[in-house]
Amino acid sequence: GDTVLNIDYDYEIMKYEVTNTEFVIYLFDAFPEGSEPTGDRISWNGTTYVVDEGYGNHPVAHVDWDTANLFAEHYGMRLPTEHEWEKAARGNTGYNYPWGNGITGSYANYVDSGDPWDNGTTPVGFYNGQEYEGYQTSNGPSPYGTYDMSGNVWEWTVGVWTEGPSW
């Protein structure tokens with residue numbers, strides 16, 4: 001059977017993925033001269049950081065581990081351990097996903113999921129049960145209220161993911 005791991009301390013984790021806008025604010029603060037690599041939809045035009053139009057509320061993508069770690073440290077945080085991330089994603093339910101064992105495009109963005117930003121990123125918090133221009137989403141937070149823990153973009157943790165205990 002599966003081993004259950006107990007995390008015997010409290011911790012906090014961000015409710016949503018870091019957006020391009022939040023990441024640009026960090027870059028302005030930490031690297032005002034544009035010397036730091038940017039995300040997928042963020043560029044340095046020689047004077048300032050620019051987010052592609054319409055993508056400010058999308059999650060920052062293609063940021064390496066060192067840069068993600070620097071972001072966390074800059075704000076007095078740290079990257080979660082793989083076990084902390086998994087617990088925040090699905091609690092102790094044992095489900096494959098935050099909301100249950102099945103996945104559809106109304107709950108998460110993945111390749112060919114059929115959402116309005118199919119095969120790209122969706123805005124953070126998009127899957128909240130609301131209807132957007134005729135596209136009905138399902139409300140899919142984790143048992144701890146975190147969003148976008150499945151699909152959209154990969155998240156960094158302190159260590160390397162290994163097969164391990166279930167919650």
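Worth a mention:
- Across all directions, the shadow cast by the convex hull of region 90-136 built on its C-alpha atoms averages 3.5 square nanometres.
- GluC sites (Glu not before Pro) within region 35-87: DSSP coil, no more than 10 neighbouring Cβ in 10 Å: 53
- Each peptide in 4-12, 96-104 was scored by the mean count of other Cβ atoms within 10 Å over its residues; highest first, the order is 96-104, 4-12.
- A simple spin-label model places pseudo-atoms 7 Å from Cα toward Cβ; at residue 25 and residue 135 they are separated by 2.5 nm.
- Based on Cα atoms of the chain, Rg over Rh with Rh as the Kirkwood radius reads 0.98.
- With contributions of -39500 (n - 2.57) from each DSSP H run of at least four residues, the per-residue ellipticity at 222 nm computed over the chain stands at -5500 deg cm²/dmol.
- Under the simplified labelling scheme, the residue 62-residue 35 pair shows an inter-label distance of 2.4 nm, with each label point 7 Å from Cα along Cα→Cβ.
- Gain upon complete extension [residue 16, residue 92; 0.36 nm per residue less C-alpha separation]: 25.4 nm
- Note on residue 106 and residue 158: the extension gain reaches 15.7 nm, defined as 0.36 nm multiplied by sequence separation minus the Cα-Cα distance.
- Accessible surface of the chain [probe 1.4 Å, protein heavy atoms]: carbon and sulfur percent: 50 percent
- Accessible area in square angstrom per residue, region 1-139, 1.4 angstrom probe: 58 Å²
- Distance between the 7 Å Cα→Cβ label points at residue 47 and residue 70: 2.4 nm.
The values are calculated or read from the model by the stated rules, or taken from the named source; none is laboratory data. Every value quoted in this text rests on a predicted model; they were computed, and no experiment measured them. When we count neighbours, we look across all protein chains shown, and the Cβ atoms used for this are built from the backbone with ideal geometry, even at glycine. These accessible areas exclude ligands, DNA and RNA; they are computed on the full protein's heavy atoms, side chains included. Shrake-Rupley method; radii C 1.70, N 1.55, O 1.52, S 1.80 Å.
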